[in-house]
Amino acid sequence: VAYNVSVKHFLQTDCTHFITIEDDNVPQTNILDLLELDKDILGCPYPVITHGSLYLTAMEVKKKEGMWEAAPVKLPKDGGLCQVDAVFLGCTIIARRVMERIPWPFRTQYFPDGTVHLGYDYNFCRRAKEAGFEVWTHFGHIVDHLKGGVSLLKVWKTFNAVLNDSRKTPLGLP
């Protein structure tokens, strides 16, 4: 609801982009540098832990029985700009043209039993894509995500370093 109130106020200005930075996300670079790319939706990826998995919040989506089923995008070798299906909104730049065409942009989609089908961020990306907009991420602008005083970016980097080191030996054993 707070995002939608902010969008209502945003549309009463002449600002060109709507920017979200949630209180537990810490940009490691100046995300304003990304404005010059003028993408419809550009989300800076950040690490999350969901259902016991650690991944970055840039998603590709496969439709399964008419439903969106998301999976993390593999980190590209160049570590740069990448078109995706969905991003989380913890640190995002959204062009005004998107907000002007998507009414009540941030809303959760529910199953008939009342459980969540798509969170407000996935649902926003789905609706924007259906309206012809593109969703992008930039792996050169990974954001830290703080949970319980823990830097998930440090956890993600450490995990990847250990994983890459373990691939150098059979079965990951020393």
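The values are calculated or read from the model by the stated rules, or taken from the named source; none is laboratory data. Quick caveat: nothing in here was measured; it's all calculated off a predicted structure. Ideal geometry is used to build each Cβ from the backbone, glycine not excepted, and the neighbour counts take in all protein chains shown. Heavy atoms of the whole protein, side chains included, go into the accessibility calculation; ligands, DNA and RNA do not. Shrake-Rupley method; radii C 1.70, N 1.55, O 1.52, S 1.80 Å.
Note down all Cβ pairs under 7 Å where the first residue falls in the range 145-162 and is under 22 Å from residue 92 (Cα atoms), the second is open to solvent by 90 Å² or more (accessible area, probe 1.4 Å), and they're at least six residues apart or on different chains.
Once the first residue is under 22 Å from residue 92 (Cα atoms) and sits in the range 145-162, its partners that are open to solvent by 90 Å² or more (accessible area, probe 1.4 Å) give 152/49.
Tell me which strands (runs of 3 or more DSSP E) are completely within the range 1-69 and hold 2 or more residues being under 16 Å from the mean Cα position of the chain (by Cα), under 17 Å from residue 124 (Cα atoms) and at pLDDT 90 or above, or say none if there are none. First the steps, then the outcome.
Details: elements: 17-21, 25-27, 41-43, 47-50, 53-56, 58-64.
The qualifying strands (runs of 3 or more DSSP E) are 17-21, 41-43.
Would you confirm, using the coordinates I've provided, whether residue 118 is under 21 Å from residue 73 (Cβ atoms), of a type outside the set (D, E, K, R) and in contact with an Asp or Glu (Cβ under 6 Å, 6 or more places away or on another chain)?
Considered against the rule, which asks whether it is under 21 Å from residue 73 (Cβ atoms), of a type outside the set (D, E, K, R) and in contact with an Asp or Glu (Cβ under 6 Å, 6 or more places away or on another chain), residue 118 comes out as no.
From the list 25, 4, which residue is in contact with a Gly (Cβ under 9 Å, 6 or more places away or on another chain), in contact (Cβ under 8 Å) with a residue 12 or more places away in the chain and on the phi < 0 side of the Ramachandran plot?
So the residue among 25, 4 that is in contact with a Gly (Cβ under 9 Å, 6 or more places away or on another chain), in contact (Cβ under 8 Å) with a residue 12 or more places away in the chain and on the phi < 0 side of the Ramachandran plot is 25.
Would you kindly identify the strands (runs of 3 or more DSSP E) lying entirely within the range 77-174 that contain at least 3 residues that are over 25 Å from residue 27 (Cβ atoms), in contact with a strand residue (DSSP E or B) (Cβ under 8 Å, 6 or more places away or on another chain) and modelled with pLDDT under 85?
Because the criterion is at least 3 residues that are over 25 Å from residue 27 (Cβ atoms), in contact with a strand residue (DSSP E or B) (Cβ under 8 Å, 6 or more places away or on another chain) and modelled with pLDDT under 85, the strands (runs of 3 or more DSSP E) in the range 77-174 that meet it are 116-118.
When the range 31-52 is examined, which residues are found to be open to solvent by less than 80 Å² (accessible area, probe 1.4 Å) and out of contact with any helix residue (DSSP H, G or I) (no Cβ under 8 Å at 6 or more places or on another chain)?
31, 34, 35, 37, 38, 39, 43, 45, 50, 52
With the requirement that a residue be open to solvent by 50 Å² or more (accessible area, probe 1.4 Å) and under 19 Å from residue 85 (Cα atoms), what does the range 104-115 give you?
Across the range 104-115, the qualifying residues are 107, 109.
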